[in-house]
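J.: This is the structure I have questions about; it appears just below.
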Protein chains: 2
Amino acid sequence: MNSVKVGLLGLGTVGGGVINLLSRNGDEISRRAGREIEVVHAAARHLDRPRTCSTEGIKLTSDPFEVVDDPEIEIIVELIGGVDKARDLTLRALDNGKHVVTANKALIAQHGNEVFAHARDAGVTVAFEAAVAGGIPIIKAIREGLVGNRIEWLAGIINGTANFILSEMYYEGREFAEVLAEAQRLGYAEADPTFDVEGVDPAHKLTILASIAFGIPLQYDKVHVEGIGHVSREDVEYAQELGYRIKHLGIARRNENGIGLRVHPTLLPERQLLANVDGVMNAVMVKGDALGPTLYYGPGAGAEPTASAVVADLVDVVREFSLEPENRVPYLAFHSHALGDDPILPMDEVDTAYYLRLMASDQPGVLADVTRIVGDCGISIEAIIQKQPAPGAEEVPVILLTHRVKEWQMNQACERIQALDSVKGHLTRFRVENLE
Amino acid sequence: MNSVKVGLLGLGTVGGGVINLLSRNGDEISRRAGREIEVVHAAARHLDRPRTCSTEGIKLTSDPFEVVDDPEIEIIVELIGGVDKARDLTLRALDNGKHVVTANKALIAQHGNEVFAHARDAGVTVAFEAAVAGGIPIIKAIREGLVGNRIEWLAGIINGTANFILSEMYYEGREFAEVLAEAQRLGYAEADPTFDVEGVDPAHKLTILASIAFGIPLQYDKVHVEGIGHVSREDVEYAQELGYRIKHLGIARRNENGIGLRVHPTLLPERQLLANVDGVMNAVMVKGDALGPTLYYGPGAGAEPTASAVVADLVDVVREFSLEPENRVPYLAFHSHALGDDPILPMDEVDTAYYLRLMASDQPGVLADVTRIVGDCGISIEAIIQKQPAPGAEEVPVILLTHRVKEWQMNQACERIQALDSVKGHLTRFRVENLE
């Protein structure tokens, strides 16, 4: 049978990884796929750059639209990143009747609904396994492996840089700023860390995961996002004393009123598997009503892990070439006419447990005041601890762990606690999840 | 579109789970699959038994061949277990041109090559996600998600009963026999524990995993199998002191000479995720050359988790109805004409690290004798520890951890150590793996 002709947009790290992988494992891949898959046309911004891969036999251009318009190409692999140009190229490829494989989480999270509409009109596939958690086949697991389940929640460590920083803070007792600087030096973190440590990147991924889990349109602008910049070594240590670890999680949970979508630092019981995912690794837990809790773990980034997901998508697309669109796996797991309309909850209506730390003057009555306020707000306390003051300090740290409450209740309580004369400086609060 | 008509063989726990799941989540499932899936004919040994599911609207029979021969049925779900009758029914269903979904690991591990030959001749699918690790989509992950990778090894906790027993021994300091008796009382373990604790069940599953990972025919009779009956509380504690946990693993690893296939108790470094999979849960780690290490975790048994895998297979089969067989996912991940012929290594040629415990008389020179023998056999020692004798005991436990060696080297060393006058009773040895 003829080989499948692929056009590649972007010859950077991941693009090079895809070419290398198709070449190195070409024999195993075609023994599985039944066809050879071949990159025949590729676009790179600078044609004279040194490459991580051989481009022998590949037609090269600096104009990606040339690849997208090449009539010989059956599948476009979009790896240029960014949003606007990637969107233009993807839509043009789809309108040209080509299938698209993309690793672009921002594109799918922000423009996926439009992209899928074009794909549907053209009767072609858009595959995006590489957009979430690198090479871990998490999109496949949720869309296909859990197809019989009503998904209750999912929660994931889906940014390796943030997890690397939190792991170093935990194991080495280092401060956030110091580890971030090192991660930048090592190339784990971008010079502009906004995407990673402030949560934009995991919010993109969570948007995608939530849509395929619950069958809702992509709604990136409704994700509540908090970064890890305010996690201190102190809180990492207090959490540890209480039997918890702090992880940067993306969480999507359905209750009777709607779906909560949020990315924030979270305390997890230290015996849970997800709490023990260290360094740059990613992991996603998914709870289905029939299956129960499952976890998927692996490298969330890097040239070869990402290429692994791209190649898996390519093989899936090739297998589905001759399938009528209505028998293909739907883009968002549910057929487009059968997507749901569960509302995304405002953050006030999301319920979680809390870790609260305040600095209080070392005088009688503070604990009584705090517990009275918390009780007045309808919040049950699981534990309250007053630490010894640091040598020479006038204030003592007081730490509370609460049961699950609505966010608005906690806001109310915090406002009143903050107003107490005996409470100094700002309250620190983190959400706590028990994922079982 | 018409609903898909399914025939069910076996109305026990899992069969009831499948009917309940298709009914409870029928709406979500057809919004994903695009078709309704309906059990219309079912066979049970005793028609008058109380059921965990409603059988309203389902034609019932005590003769499973009636279901297999029903011309209205498009897919047979085989859940009767056992081997001989399941084989007859499965082959007849395939020869009748029906697709088959099965949870029967013994059938696939022992007769899979024959079953797939019949399916190929008839141009139909055999799906068996439920046969390994319950509802965890591990077959899908390896066959499809990792399709671009050359798999280097996989290792899994694939029997929940054995893992429950080892977890209790670790956390509660209990003895094997005592926990086994409790597991039998709780219904986690069969009255005849052979399958679970002696390793037959995980060997079936490992056979299947190895074939889809490496693209080799099923070769159940070549798996080296050891149970967990000889794991003592003492060794669990010594392992813990050394920073390890003992798990019952199925391991398939490729080296330059062939593939090692083995099920045995194994020491794992306690910081590794797989070492922290507790209770009845299952988990499989898979190392691909591009992707690196990944892990898949979840419930490995039970009515609903198994039903979750059966329903996922049903939807996959339905989607592939109109696909030419050569574009379907191959039974063993690789197309049948492209399966490999890597030999299965004799156990002597498998290499692992070792934990060795011996009881020696408390006299000078024993350590020197032991280390000399081990060195003579070409084995490097990572650690050697001589414990204090128990109060009143005349012998002291000596524990060695070695680097990786071939099994025959270790056999040689053990024989010579065992022959020392100063060594009393039998050596205890366990293999050690560092899965990274």
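J.: Can you find even one residue in the stretch A:118-128 that is more than 14 Å from every other protein chain (Cβ to nearest Cβ), in contact with a Pro (Cβ under 7 Å, 6 or more places away or on another chain) and buried (at least 16 other Cβ atoms within 10 Å of the Cβ)?
T.: no
J.: Kindly indicate which of A:Gly187, A:Gly199, A:Gly145, A:Gly160 is surrounded by 22 or more Cβ atoms within 10 Å (Cβ to Cβ) and free of Cβ contacts under 8 Å to residues at least 24 places away in the same chain.
T.: Answer to the selection: A:Gly145.
J.: Of the numbered conditions (1) more than 9 Å from every other protein chain (Cβ to nearest Cβ); (2) under 23 Å from B:Val315 (Cα atoms), A:Gly340 satisfies every one except a single condition; which is it?
T.: Failing condition for A:Gly340: (1).
J.: Name every residue in the stretch B:6-54 that is farther than 28 Å from A:Ala338 by Cα and surrounded by fewer than 18 Cβ atoms within 10 Å (Cβ to Cβ), in order of residue number.
T.: Selection gives B:Gly12, B:Thr13, B:Arg45, B:His46, B:Leu47, B:Asp48, B:Arg49, B:Pro50, B:Arg51, B:Thr52.
J.: Please return the ranges of strands (runs of 3 or more DSSP E) entirely within the stretch B:1-112 where 3 or more residues are in contact (Cβ under 8 Å) with a residue 24 or more places away in the chain.
T.: Per the criteria, B:4-9, B:37-43, B:75-78, B:99-102.
J.: With A:Ile399, A:Ile379, A:Ile384, A:Ile373 as the choices, which residue is more than 27 Å from the chain's Cα centre (by Cα) and either exposed (fewer than 15 other Cβ atoms within 10 Å of the Cβ) or part of a helix (DSSP H, G or I) (or both)?
T.: A:Ile373
J.: For the stretch A:357-370, give me the residue count where each residue is assigned to a helix (DSSP H, G or I) and among the aliphatic types (A, V, I, L, M).
T.: Result for the stretch A:357-370: 4.
J.: From A:Ile158, A:Ile138, grab the single residue that is at pLDDT 95 or above, under 22 Å from A:Gly279 (Cβ atoms) and in contact with a Pro (Cβ under 7 Å, 6 or more places away or on another chain).
T.: A:Ile158
J.: Now, a different point. Is it true that A:Glu326 is surrounded by fewer than 22 Cβ atoms within 10 Å (Cβ to Cβ), facing chain B (nearest Cβ under 7 Å) and of a type in the set (Asp, Glu)?
T.: Considered against the rule, which asks whether it is surrounded by fewer than 22 Cβ atoms within 10 Å (Cβ to Cβ), facing chain B (nearest Cβ under 7 Å) and of a type in the set (Asp, Glu), A:Glu326 comes out as yes.
J.: Could you grab me the full set of residues in the stretch A:278-314 that are among the aliphatic types (A, V, I, L, M) and more than 7 Å from chain B (Cβ to nearest Cβ)? Reasoning before the result, please.
T.: Start the filter on the stretch A:278-314 by keeping residues that are among the aliphatic types (A, V, I, L, M), which leaves A:280-281, A:283-286, A:290-291, A:295, A:301, A:303, A:307, A:309-312, A:314.
The answer is A:Val280, A:Met281, A:Ala283, A:Val284, A:Met285, A:Val286, A:Ala301, A:Ala303, A:Ala309, A:Val310, A:Leu314.
J.: Scan the stretch B:178-214 residue by residue and report those that are small (Gly, Ala, Ser), assigned to a helix (DSSP H, G or I) and in contact with a strand residue (DSSP E or B) (Cβ under 6 Å, 6 or more places away or on another chain).
T.: B:Ala203, B:Ala210, B:Ser211, B:Ala213
J.: Give the stretch B:128-181 a look and list any residue that's more than 26 Å from B:Gly258 (Cβ to Cβ), more than 20 Å from the chain's Cα centre (by Cα) and not acidic (Asp, Glu), or say none.
T.: Within the stretch B:128-181, B:Met169, B:Tyr170, B:Tyr171, B:Gly173, B:Arg174, B:Phe176, B:Ala177, B:Val179, B:Ala181 meet the criteria.
J.: Within the stretch A:257-315, which residues are without any contact (Cβ under 8 Å) to a residue 60 or more places away in the chain and charged (D, E, K, R)?
T.: A:Glu270, A:Arg271
J.: While we're here: Determine whether B:Leu249 is surrounded by 21 or more Cβ atoms within 10 Å (Cβ to Cβ), under 14 Å from the mean Cα position of the chain (by Cα) and aliphatic (A, V, I, L, M).
T.: Numbers: surrounded by 21 or more Cβ atoms within 10 Å (Cβ to Cβ): yes; under 14 Å from the mean Cα position of the chain (by Cα): yes; aliphatic (A, V, I, L, M): yes.
Yes.
J.: Could you please give the count of residues in the stretch A:255-276 that are within 24 Å of A:Ala189 (Cβ to Cβ) and facing chain B (nearest Cβ under 7 Å)?
T.: Within the stretch A:255-276, the subset within 24 Å of A:Ala189 (Cβ to Cβ) is A:262-268, A:274-276.
Imposing the further condition that a residue be facing chain B (nearest Cβ under 7 Å) reduces the set to A:276.
Adding up the residues that qualify gives 1.
J.: Only one of these is under 26 Å from A:Asp316 (Cα atoms) and not in a helix (DSSP H, G or I): A:Ile142, A:Ile136. Name it.
T.: Every option except A:Ile136 fails the conditions.
J.: Report, by residue number, each residue of the stretch A:336-355 that is under 23 Å from A:Trp153 (Cβ atoms) and without any contact (Cβ under 8 Å) to a residue 24 or more places away in the chain.
T.: Across the stretch A:336-355, the qualifying residue is only A:Pro346.
J.: Do you know which of the residues in the stretch A:273-306 that are buried (at least 22 other Cβ atoms within 10 Å of the Cβ) and more than 18 Å from the chain's Cα centre (by Cα) is farthest from B:Gly300 (Cα to Cα)?
T.: Result: A:Glu304.
J.: Next up: If A:Gly81 satisfies all but one of (1) within 14 Å of chain B (Cβ to nearest Cβ); (2) surrounded by fewer than 24 Cβ atoms within 10 Å (Cβ to Cβ); (3) not β-branched (Val, Ile, Thr), what's the number of the condition it fails?
T.: (1)
J.: Out of all the residues in the stretch B:13-22, which are closer than 8 Å to B:Leu79 by Cα and either among the aliphatic types (A, V, I, L, M) or more than 22 Å from the chain's Cα centre (by Cα) (or both)?
T.: B:Val14
J.: Now a separate question. In the set B:Asn96, B:Asn25, B:Asn104, which member is modelled with pLDDT of 95 or more and under 28 Å from the mean Cα position of the chain (by Cα)?
T.: B:Asn104
J.: Further question on the same structure: List, please: which pairs have Cβ atoms under 6 Å, are six or more places apart or on different chains, and start with a residue in the stretch B:356-383 that is on the phi > 0 side of the Ramachandran plot and end with one that is at pLDDT 95 or above?
T.: From the stretch B:356-383, the pairs are B:Gly378/B:Gln409.
J.: How many residues does the stretch A:402-425 hold that are aliphatic (A, V, I, L, M) and in a loop (DSSP other than H, G, I, E, B)?
T.: Selection size over the stretch A:402-425: 2.
J.: Determine, yes or no, whether A:Ala210 is under 19 Å from A:Ile138 (Cα atoms) and without any contact (Cβ under 8 Å) to a residue 60 or more places away in the chain.
T.: When the stated conditions are applied, A:Ala210 passes them.
The rows are residues; the columns are (1) out of contact with any helix residue (DSSP H, G or I) (no Cβ under 7 Å at 6 or more places or on another chain); (2) within 11 Å of chain A (Cβ to nearest Cβ); (3) among the aliphatic types (A, V, I, L, M).
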| residue | (1), (2), (3) |
| --- | --- |
| B:Pro137 | no, yes, no |
| B:Lys140 | no, yes, no |
| B:Trp153 | yes, no, no |
| B:Asn159 | no, no, no |
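J.: Using the structure shown, decide if B:Arg245 is assigned by TED's automatic domain parsing to the domain that holds B:Ala177 and touching a Leu at 6+ places or on another chain (Cβ under 6 Å).
T.: Here the answer is yes, as B:Arg245 does meet what is asked.
J.: Restricted to the stretch B:412-436, and to residues that are among the aliphatic types (A, V, I, L, M) and surrounded by fewer than 18 Cβ atoms within 10 Å (Cβ to Cβ), which residue is farthest from B:Asp376 (Cα to Cα)?
T.: Among them, the one singled out is B:Leu427.
J.: Then there's this: Filtering the stretch A:215-233 down to residues that are in contact (Cβ under 8 Å) with a residue 12 or more places away in the chain and assigned to a helix (DSSP H, G or I), which residue is surrounded by the most Cβ atoms within 10 Å (Cβ to Cβ)?
T.: For the stretch A:215-233, the residue satisfying everything is A:Tyr220.
The values are calculated or read from the model by the stated rules, or taken from the named source; none is laboratory data. Everything quoted here is computed from the prediction, not taken from an experiment. Note: ideal-geometry Cβ built from the backbone for every residue, glycine included; neighbour counts use all protein chains shown.
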